[in-house]
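Step one of this worksheet: look at the structure below.
Nothing in this text is a laboratory measurement; each read-out follows from the coordinates by a stated rule. Keep in mind it's a predicted model, so treat the numbers as computed, not measured. Cβ: placed from backbone, ideal geometry, glycine included. Neighbour counts: every protein chain shown.
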Amino acid sequence: MPKVEVELSAELNNRLVEYVAKSRGVLYCQKTDVICEAIEEYLNRHERKVRRSNG
């Protein structure tokens, strides 16, 4: 599986950790799963916008 490396601001990382803990009920859950879901959701929403604007 391809990997993507990113640098998160301290604030964004804290938000991610808090979200993972609250949504999954555990702090040690794989953040990777949450990040993959977020990227997929973002692309699903924004790809439609691009298709509509490009005809």
| message | I'd like the Kirkwood hydrodynamic radius of the chain, using the inverse of the mean 1/r over distinct C-alpha pairs, in Å. | response | 13.0
| Crossing angle, helix 10-24 versus the chain [Cα axis fit, 0-90 degrees, rounded to tens] | 80
| So how tilted is helix 31-53 from the main axis of the chain? Cα-based, degrees 0 to 90, rounded to 10. | 20
| How about LYS49: which lysines have a C-alpha closer than 27 Å to its C-alpha, ignoring those fewer than 8 places off in the same chain? | LYS3
| said: For LYS22, give me every one of the aspartates and glutamates with a C-alpha distance below 17 angstrom, ignoring sequence neighbours fewer than eight places off in its own chain. | reply: GLU11, ASP33, GLU37
| query | Where does the chain land at 222 nm, in deg cm²/dmol rounded to the nearest 500, when only DSSP H runs of n ≥ 4 count, each adding -39500 (n - 2.57), divided by all residues? | reply | -23500 deg cm²/dmol
| field | Paramagnetic reach from LEU43 (point 7 Å along Cα→Cβ, amide N under 17 Å) across region 5-24 | value | 5-6
